[in-house]
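The values are calculated or read from the model by the stated rules, or taken from the named source; none is laboratory data. Everything numeric in this text was worked out from a predicted model, so none of it was measured. For neighbour counting, all protein chains shown are included, and Cβ atoms are generated from backbone atoms with ideal geometry for every residue, glycine included.
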Amino acid sequence: MIIIKTPEEIKILREGGKHLATVLNKVKEKIAPGISTKDLDIYAEKLIRDMGDSPAFLNYRPNGASISFPASLCVSVNDEVVHGIPSKKRILKEGDIISLDLGIKHSGLFTDMALTAPVGAVSKGNLKLLQITEQALQVGINAARMGNTIGDISNSIESFVRPYKYGIVEVLSGHGVGRAIHEDPYIPNFGKKGTGARLVPGMVIALEPMINLGTKNVVIDADGHTFRTADGKNSAHFEHTILITKGEAEILTKTF
């Protein structure tokens with residue numbers, strides 16, 4: 001069931017979205033060769049708690065997972081698509097790309113955000129992948145207007161990405177968010193125009209293109225959480241929590 005948020009909830013989600021964007025951008029500034037992914041997780045959790053909020057992913061067990069997620073920040077490097085588990089042993093090196101995926105609980109409500117960033121100087125191919133994936137997110141946001149459908153968002157992302165011959169991950173998707181970290185509707189990054197639920201003001205959704213340099217296919221590690229590309233090629237991931245309005249969608253996970 002799709003939950004339409006009340007004006008009071010929207011106010012809280014705006015506040016939470018600003019908090020989340022502030023935290024994630026500060027964590028992004030710490031990315032550098034030689035730092036461990038666990039160091040980034042520790043820093044993110046400290047920032048979250050210092051703002052009076054709670055990490056949404058810590059001890060969260062998504063559907064299908066056998067164990068709860070053991071960290072606050074999902075950190076996915078290179079061919080890891082999403083849900084990478086931070087580790088003191090995973091040290092970033094020049095030329096890596098790293099995806100940071102974070103959710104927080106602010107005054108009882110959830111927001112969700114992700115970005116992918118270069119570690120030092122990276123290849124032109126990796127930079128292009130990051131640029132196209134981030135642009136695909138904005139294309140999806142542009143399509144998220146009152147009267148359009150979920151399928152319109154999905155198709156807009158797919159139509160933008162396909163010419164680049166990248167793999168669009170199909171088994172993972174965007175989703176509703178707010179009272180829970182994952183709510184209806186399910187929002188794939190591919191699909192047909194005019195299909196799915198119609199967008200109405202008060203809907204709060206998280207759009208998150210996950211785009212691979214090679215195949216669309218992914219595998220899951222033995223840890224039960226980390227998805228990686230089936231061919232070992234790199235992947236990028238960007239996400240915003242947005243509010244459907246009577247005009248353009250409002251990005252909630254921003255600092256201004």
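If the requirement is being farther than 15 Å from HIS240 by Cα and at pLDDT 95 or above, which of these qualifies: SER173, SER156?
Unique residue meeting the criteria: SER156.
Considering each of THR241, THR149 in turn, give the residue that is more than 19 Å from the chain's Cα centre (by Cα), crowded, with 17+ Cβ neighbours inside 10 Å and closer than 25 Å to THR6 by Cβ. Show your work before the answer.
Numbers: THR241 fails: more than 19 Å from the chain's Cα centre (by Cα).
Matching residue, one of THR241, THR149: THR149.
When you go through LYS93, LYS28 one by one, which is the residue that is touching a residue at least 60 places away in the same chain (Cβ under 8 Å), within 18 Å of HIS240 (Cβ to Cβ) and either charged (D, E, K, R) or assigned to a helix (DSSP H, G or I) (or both)? Let's see the steps before the verdict.
Values: LYS93 fails: within 18 Å of HIS240 (Cβ to Cβ).
Only one candidate passes the filter, namely LYS28.
A quick yes/no check of all residues on (1) within 28 Å of LYS18 (Cβ to Cβ); (2) touching a helix residue (DSSP H, G or I) at 6+ places or on another chain (Cβ under 7 Å); (3) crowded, with 21+ Cβ neighbours inside 10 Å; (4) in contact (Cβ under 8 Å) with a residue 12 or more places away in the chain:
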| residue | (1), (2), (3), (4) |
| --- | --- |
| PRO55 | yes, yes, yes, yes |
| TYR60 | yes, no, no, yes |
| SER66 | no, no, no, yes |
| ALA71 | yes, yes, yes, yes |
| SER76 | yes, no, yes, yes |
| VAL82 | yes, no, yes, yes |
| LYS89 | no, no, no, yes |
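Residue pairs, Cβ under 8 Å, 6 or more apart or interchain, first in the stretch 179-201 and more than 21 Å from ALA136 (Cβ to Cβ), second basic (Lys, Arg) and loosely packed, with under 14 Cβ neighbours inside 10 Å. List them.
From the stretch 179-201, the pairs are PRO201/LYS246.
Given GLY194, GLY178, GLY167, which one is at pLDDT 95 or above and surrounded by fewer than 18 Cβ atoms within 10 Å (Cβ to Cβ)?
Working: GLY178 fails: surrounded by fewer than 18 Cβ atoms within 10 Å (Cβ to Cβ); GLY167 fails: surrounded by fewer than 18 Cβ atoms within 10 Å (Cβ to Cβ).
None of the other options fit; the residue is GLY194.
I want to confirm something. Restricting to the stretch 87-114 and keeping residues that are small (Gly, Ala, Ser) and under 25 Å from MET203 (Cβ atoms), which single residue is nearest to the chain's Cα centre (by Cα)? Show your work before the answer.
Residues of the stretch 87-114 that are small (Gly, Ala, Ser), as a first pass: 87, 95, 99, 103, 107-108, 114.
Subset that is under 25 Å from MET203 (Cβ atoms): 103, 107-108, 114.
On the way: GLY103: 9, SER107: 21, GLY108: 20, ALA114: 4 Å.
Looking at the filtered set, the residue picked out is ALA114.
Consider the stretch 44-86. How many of its residues are more than 20 Å from the chain's Cα centre (by Cα) and assigned to a loop (DSSP other than H, G, I, E, B)?
Final tally of qualifying residues: 4.
Looking only at the stretch 113-148, count how many residues are over 24 Å from VAL23 (Cα atoms) and touching a Ser or Thr at 6+ places or on another chain (Cβ under 6 Å).
2
GLY247 fails exactly one of the following numbered conditions: (1) out of contact with any Lys or Arg (no Cβ under 8 Å at 6 or more places or on another chain); (2) surrounded by fewer than 16 Cβ atoms within 10 Å (Cβ to Cβ); (3) within 29 Å of THR6 (Cβ to Cβ). What is the number of that condition?
Answer for GLY247: the failing condition is (1).
Which of the residues spanning the stretch 103-146 are under 23 Å from GLY167 (Cβ atoms), assigned to a strand (DSSP E or B) and in contact with a Phe, Trp or Tyr (Cβ under 8 Å, 6 or more places away or on another chain)?
Selection gives ALA114, LEU115, THR116.
If only one of ILE141, ILE220, ILE168, ILE150 is in contact with a Pro (Cβ under 6 Å, 6 or more places away or on another chain) and not polar (S, T, N, Q), which one is it? Spell out the reasoning first.
Details: ILE141 fails: in contact with a Pro (Cβ under 6 Å, 6 or more places away or on another chain); ILE220 fails: in contact with a Pro (Cβ under 6 Å, 6 or more places away or on another chain); ILE168 fails: in contact with a Pro (Cβ under 6 Å, 6 or more places away or on another chain).
Exactly one residue qualifies, and that residue is ILE150.
What number of residues within the stretch 193-244 are part of a strand (DSSP E or B) and basic (Lys, Arg)? Full working, then the answer.
At the first step, the residues of the stretch 193-244 found to be part of a strand (DSSP E or B) are 198, 204-207, 210-212, 218-220, 227-229, 235-237, 239-243.
Narrowing the set further to residues that are basic (Lys, Arg) leaves 198, 228.
Selection size over the stretch 193-244: 2.
Could you check GLY17 against (1) small (Gly, Ala, Ser); (2) farther than 21 Å from HIS237 by Cβ; (3) part of a helix (DSSP H, G or I) and say which number it fails?
That leaves (2) as the condition not met.
Could you pull out the residue among SER159, SER154 that is of a type outside the set (Phe, Trp, Tyr) and either in contact (Cβ under 8 Å) with a residue 24 or more places away in the chain or part of a loop (DSSP other than H, G, I, E, B) (or both)?
SER154
In the list LEU115, LEU127, LEU102, which residue meets the criterion of being farther than 25 Å from GLU8 by Cα and surrounded by 16 or more Cβ atoms within 10 Å (Cβ to Cβ)?
LEU115
Which of (1) under 22 Å from LYS254 (Cα atoms); (2) small (Gly, Ala, Ser); (3) surrounded by 21 or more Cβ atoms within 10 Å (Cβ to Cβ) does GLY108 not meet, given it meets every other one?
Going through (1) under 22 Å from LYS254 (Cα atoms); (2) small (Gly, Ala, Ser); (3) surrounded by 21 or more Cβ atoms within 10 Å (Cβ to Cβ) one by one, GLY108 breaks only (3).
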